[in-house]
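Asks: Dropping a structure here in structure tokens format, bear with me for questions.
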Amino acid sequence: MSTLTPDRAAPPATRWRLGWALLCAWRGFALVFLSVPALALFITCVVFMALLPIGVGLLFFFPLMLLLRATANVTRKAMRSWAHVPIDTPYRRLPTGGGVTGLWARTKRMITEAATWRDLLWALLYLPSSLLIACFPMLLIVNGLHGVLMPFLWEVAYRHVDDAQWYTFIKVNSVQRAGLAVPWGLVQVAAGLALAPWFARVNGLWNRSLLAPTKQAELALRVQHLTESRTDAVDASAAELRRIERDLHDGAQARLVAMGMNLGAAEALMKTDPDAARVLLAETREASAKALHELRDLVRGIHPPVLSDRGLADAVRAVALESPLDVNVNVSLPGRPELPLESAAYFAVTEVLTNAAKHSGGRHVEIDLTYTDGSLRITVTDDGEGGADLMKGTGLRGIQRRLDTFDGTLALHSPVGGPTTVIMELPCDLSSRKTSPS
């Protein structure tokens, strides 16, 4: 299924840096503020769920659960980008329809979904788990800084207090005792910084255990996705057939009809006006050449001959040579995928190149074709202006639907200012036929 797939692991070079550790600790502390509305939504959802039998809860339970799902989705995104733990969304598509009947159908779907009950359990446990896991490194750091500052605090604030101050297990009742808190505070700061990346990872895994879809939900989502992709494939096939029929009717067929009329007229003029007959025959020869060219273009649009004869690598190189941009193609494929998948990959690359030439404003494109872990991976990077949006571009959505048919994925990274990177992955097996070397 087509999703955006960010990096799955933190960069090793930054994993132990001070800035990275502080960032992990701060992010864990920030997640606590998300747990408070989650707990409030849990309480209100449970209350209005209990009021569903008398009809009052029907008006409020569904929108409150939508808010809880939105809160859970924010956490999923945070775990993906902050803890580098991807969490898939488990929700099935809700029924449509207006009025009370439609509202009840959507509410019933939510109640019967396992994801709803897992979200409620997550909302109940989110606050204590955030305090125990996500926020713990920051608490260590803050408490450690308190100990480091204890001599200063003793001189300024604690000296004139009658009761002795306690810093964890150290009783502070003099400057000398306050100095003992400094090394213990430094130990806590160091421990908090060292543990912050690991606790961020543990927190992400804990949230994934509650927010990720169950095996049954994954199967249901898989069935739904395959049903939608099959429908898209049927629609795309019907549209392609209509395009071919229209191109044949308006192009080659019309020329063939005109050629037949010209040949008939030339036959009639052969004895009475040979010069006029020769002119008609010349026009017919030109029309036949144009008809042949149009038929070749039509066949190339269905399945390019170079793709069948020489494989995906050479077909992409041929497209690269025809592109107005400077395109570099790098290939590392030990064989060829099946022809339908190979065709889908070829046309996806062609569409991405066309979009880059039309909209990116760049001059150079880098295409990498590799095969790893049972998937054909195609990366297309241009040096354009960026700002591409998967939800706005019809061309990109068309590519996504094409890949969906083969259970492929499309990832887009296009910050404003560039560069734009499109990553397409198609699970497949390769044959033993070798592609030409890169």
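The values are calculated or read from the model by the stated rules, or taken from the named source; none is laboratory data. The structure presented is a predicted model; accordingly, all values stated were derived computationally and were not measured. So basically every Cβ, Gly included, is an ideal-geometry build from the backbone, and we count neighbours across all protein chains shown. Please note that ligands, DNA and RNA were not included when accessible areas were found on the heavy atoms of the full protein model with its side chains. Shrake-Rupley method; radii C 1.70, N 1.55, O 1.52, S 1.80 Å.
Asks: In the stretch 40-58, which residue that is without any contact (Cβ under 8 Å) to a residue 40 or more places away in the chain and of a type in the set (A, V, I, L, M) is most open to solvent (accessible area, probe 1.4 Å)?
Replies: If we filter the stretch 40-58 for residues that are without any contact (Cβ under 8 Å) to a residue 40 or more places away in the chain, which is where we start, we get 40, 43-44, 47-48, 50-51, 53-57.
Remaining after also requiring of a type in the set (A, V, I, L, M): 40, 43, 47, 50-51, 54, 56.
Values: A40: 53, I43: 94, V47: 74, A50: 76, L51: 57, I54: 123, V56: 66 Å².
The residue in question is I54.
Asks: Count, please, the residues in the stretch 26-53 that happen to be in contact with a helix residue (DSSP H, G or I) (Cβ under 8 Å, 6 or more places away or on another chain) and under 19 Å from N73 (Cα atoms).
Replies: 15
Asks: On the given criteria, is A10 of a type in the set (A, V, I, L, M, F, W, C) and at pLDDT 85 or above?
Replies: Taking the combined requirement at face value, the residue does not satisfy it.
Asks: Now, a different point. Could you give every pair whose Cβ atoms fall below 6 Å, whose first residue belongs to the stretch 366-392 and is acidic (D, E), and whose second residue is in a strand (DSSP E or B) and surrounded by fewer than 16 Cβ atoms within 10 Å (Cβ to Cβ), counting only separations of at least 6 or pairs across chains?
Replies: E366/N328; D368/N330; D383/H364
Asks: Look through the stretch 68-98, keep the residues that are in contact (Cβ under 8 Å) with a residue 24 or more places away in the chain, open to solvent by 50 Å² or more (accessible area, probe 1.4 Å) and in a loop (DSSP other than H, G, I, E, B), and return whichever of them is nearest to L22 (Cα to Cα). It would help to see each step written out before you state the result.
Replies: Of the residues in the stretch 68-98, the ones in contact (Cβ under 8 Å) with a residue 24 or more places away in the chain are 68-69, 71-72, 74-76, 78-93.
After this cut, where a residue has to be open to solvent by 50 Å² or more (accessible area, probe 1.4 Å) as well, the list is 74, 80-82, 88-89, 92-93.
Narrowing the set further to residues that are in a loop (DSSP other than H, G, I, E, B) leaves 82, 88-89, 92-93.
Numbers: W82: 12, D88: 27, T89: 29, R92: 38, R93: 39 Å.
My answer is W82.
Asks: Residues S360, S438: which one is at pLDDT below 85 and surrounded by fewer than 21 Cβ atoms within 10 Å (Cβ to Cβ)?
Replies: S438
Asks: Restricting the search to the stretch 410-420, which residues are open to solvent by 30 Å² or more (accessible area, probe 1.4 Å) and within 18 Å of T370 (Cβ to Cβ)?
Replies: If the condition is that a residue be open to solvent by 30 Å² or more (accessible area, probe 1.4 Å) and within 18 Å of T370 (Cβ to Cβ), then H413 is the only one that fits.
Asks: Quick check: is even one residue across the stretch 114-129 touching a Ser or Thr at 6+ places or on another chain (Cβ under 6 Å) and small (G, A, S)?
Replies: The answer is yes; a qualifying residue exists.
Asks: Only one of T101, T107 is open to solvent by less than 20 Å² (accessible area, probe 1.4 Å), at pLDDT below 90 and part of a helix (DSSP H, G or I). Can you tell me which?
Replies: Sole residue among the options that is open to solvent by less than 20 Å² (accessible area, probe 1.4 Å), at pLDDT below 90 and part of a helix (DSSP H, G or I): T107.
Asks: Quick check on my filter: what residues within the stretch 372-410 are among the aliphatic types (A, V, I, L, M) and over 19 Å from Y346 (Cβ atoms)?
Replies: A388, L390, M391
Asks: With the checklist (1) surrounded by fewer than 14 Cβ atoms within 10 Å (Cβ to Cβ); (2) within 28 Å of the chain's Cα centre (by Cα); (3) in a helix (DSSP H, G or I) in hand, flag the one item T116 doesn't pass.
Replies: Result: T116 passes all but (1).
Asks: Could you list, in sequence order, all residues of the stretch 339-357 that are over 24 Å from P427 (Cα atoms) and either open to solvent by less than 30 Å² (accessible area, probe 1.4 Å) or assigned to a loop (DSSP other than H, G, I, E, B) (or both)?
Replies: Result: A356, single match.
Asks: Taking the options R402, R336, name whichever one is in contact (Cβ under 8 Å) with a residue 60 or more places away in the chain, surrounded by 14 or more Cβ atoms within 10 Å (Cβ to Cβ) and assigned to a loop (DSSP other than H, G, I, E, B).
Replies: Details: R402 fails: assigned to a loop (DSSP other than H, G, I, E, B).
So the residue among R402, R336 that is in contact (Cβ under 8 Å) with a residue 60 or more places away in the chain, surrounded by 14 or more Cβ atoms within 10 Å (Cβ to Cβ) and assigned to a loop (DSSP other than H, G, I, E, B) is R336.
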